[in-house]
Amino acid sequence: MTPKKVIATKKLSRVFKTGELAVYALNNVNIAIEEGEFVAIMGASGSGKSTLLNILGCLDKPTSGDYYLDGIHINALNKNELADIRNQKIGFIFQSYNLLSRTTAIENVELPLIYNRTGKFSNSKERAKKALEQVGLNNRIYHKTNELSGGEQQRVAIARALVNDPALILSDEATGNLDSKTSIEVADLFVKLNNEGKTILMITHEPDIAQFAKRMIYLRDGSVLTDELIKNRSTKESALKALEITT
């Protein structure tokens, strides 16, 4: 049985024009990510990571080439259809958490279900509670976001990304605002979720966090420079040990 492709791009390019000058942020990018993979995307500033994230997250469209998400041809969709796809197929995790302040963890996690128009989720509160338990926050469900640590807030954001059972979890520098130990714990949580079958695409500038993934794609000047499996993956234990040595 052929593995299901969650992401497939074919000759994907994104060009930004300034006057008569054309700048290729992405140039003929071909990527395939199968269901159940855990992939890190790395690259220096200006390599095209953010542009690729925006296209894969259905926040922008390519100038040329094709993008398929969970078998759906994204190029052909209008704005409303793209909004539905984002809500139903993608769980976003951002560096700045993007939580509603002065509301509880469970209320934040419920949000994607409230805006989901498929009618698939009847008991949103119960699903939100289970998602928070899944990320180890069962004792913080009714705490307001300003009562939580940075690591706990990011776990709430991860639970929110999980709650509607998306085809893809898309992480944009999720550990960027966290200290080293908390970053390792979040990366380890991604490993656990991936082991449970979640497909995860993680954009990061931190090589030690990327090492938790199974595969790494490195971008340079808008093109894929390397795409290879990670042979010596980090574990929580090895990363914490390395952290003790360096500190």
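No lab work stands behind these numbers, since they all come straight from the coordinates. These numbers were taken from a predicted model, which means no experiment stands behind them. Neighbour counts run over all protein chains shown; Cβ positions are idealised from the backbone, glycine included.
Note: relative contact order over the chain, using C-alpha pairs below 8 Å and six or more positions apart, is 26 percent.
Which ordering of ILE106, ILE41, ILE184 is given by a fewest-first count of other beta-carbon atoms within 10 Å?
Values: ILE106 20, ILE41 27, ILE184 24.
In increasing order of surrounding Cβ atoms, one gets ILE106, ILE184, ILE41.
The C-alpha atoms of the stretch 60-218 occupy a region whose extents along the principal axes are 45, 40, 27 Å, arranged from largest to smallest.
Taking a sphere under 14 Å around the Cβ of GLY150 and counting the other residues whose Cβ falls inside, with K and R at +1 and D and E at -1, yields a net charge of -2. Near the amide H of ASN27, within less than 5 Å, lie the amide hydrogens of ARG14, SER223, all on another chain or at least 5 residues away, with H placed in the peptide plane. Here LYS181 is the anchor, and the lysines within straight C-alpha reach of less than 19 Å, apart from those fewer than 8 places off in the same chain, are LYS192, LYS236, LYS241.
Only the Cβ atoms of Lys and Arg (+1) and of Asp and Glu (-1) were treated as charged; on that basis the dipole of the stretch 93-172 about its Cα centre amounts to roughly 180 debye.
Calculated from DSSP H runs of 4 or more alone, at -39500 (n - 2.57) each and per residue, what is the 222 nm mean residue ellipticity of the chain, nearest 500?
Numbers: 8 runs with 84 residues, N = 247.
Calculated mean residue ellipticity at 222 nm is -10000 deg cm²/dmol.
Seen from all sides and averaged, what is the projected area of the convex hull of the Cα atoms in the stretch 99-188, in nm²?
Values: hull surface 23.2 nm².
Hull-based average projected area comes out at 5.8 nm².
Amide hydrogen proximity for ARG215: with H placed 1.01 Å from N in the peptide plane, the residues at 5 or more positions away or on another chain lying under 5 Å are PHE38, ALA40, ILE230.
Provide the net charge surrounding PRO62, with neighbours chosen by a C-beta distance below 13 Å and charges set as Lys +1, Arg +1, Asp -1, Glu -1. If you can, show how the numbers build up before the last one.
Values: positive: LYS10, LYS11, ARG14, LYS61; negative: ASP60, ASP66.
That works out to +2.
In the chain, the DSSP beta bridges split such that about 60 percent are antiparallel, to the nearest 5.
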